[in-house]
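Asks: Starting off with a structure, shown below.
Derivation of every value follows stated rules applied to the coordinates shown; laboratory data play no part. Quantities reported herein were computed from a predicted structural model and do not represent experimental measurements. Counting neighbours? That spans all protein chains shown, and the Cβs are built from the backbone with ideal geometry, glycine included.
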């Protein structure tokens, strides 16, 4: 089922967005339990401009020619 457009929401008050009154607070980890520092040896830092372009072109070709996308979602597919 498609989501209503903002115009449809305004025209039909029965179509509205409702937020839950229940607020949940979930546990997380303390900073002492794991290393939060960024990894300075990540792959993207070692890519050459040429390799970045090749990866981008390959990704765009996949999105355009191979990736299954519903026709109503095509407008949401980003090409870089």
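Asks: Most fluctuating residue of 42, 18, 69 in a GNM of the chain with Cα springs under 10 Å: which is it?
Replies: For the chain, modelled as a Gaussian network with Cα springs under 10 Å, the answer is 18.
Asks: Would you please give the FRET efficiency between residue 45 and residue 10, computed as 1/(1 + (r/R0)^6) with r the Cβ-Cβ distance and R0 = 35 Å, to the nearest 0.05? Don't skip to the answer; put the middle values down first.
Replies: Details: r = 47 Å, r/R0 = 1.35.
Using R0 = 35 Å, I get an efficiency of 0.15.
Asks: Roughly speaking, what is the stretch gain from residue 67 to residue 2, that is 0.36 nm per residue apart minus the C-alpha to C-alpha distance, in nm to one decimal?
Replies: Numbers: separation 65, 0.36 × 65 = 23.40 nm, distance 2.11 nm.
Difference between extended and current length: 21.3 nm.
Asks: In deg cm²/dmol and to the nearest 500, what is the mean residue ellipticity at 222 nm of the chain if only DSSP H runs of at least 4 residues count, each as -39500 (n - 2.57), divided by the residue total? Can you show the working numbers first?
Replies: Details: 2 runs with 23 residues, N = 80.
Computed mean residue ellipticity for the chain: -9000 deg cm²/dmol.
Asks: Contour minus end-to-end for residue 23 and residue 60, with contour as 0.36 nm per residue of separation and end-to-end as the Cα-Cα distance? Numbers along the way, then the final one.
Replies: Numbers: separation 37, 0.36 × 37 = 13.32 nm, distance 4.04 nm.
Result for the pair: 9.3 nm of gain on full extension.
Asks: What Kirkwood Rh does the range 1-65 have if only Cα atoms enter the pairwise 1/r average? Answer in Å. Numbers along the way, then the final one.
Replies: Working: mean 1/r = 0.0546 Å⁻¹.
With all distinct Cα pairs of the range 1-65 included, I get 18.3 Å.
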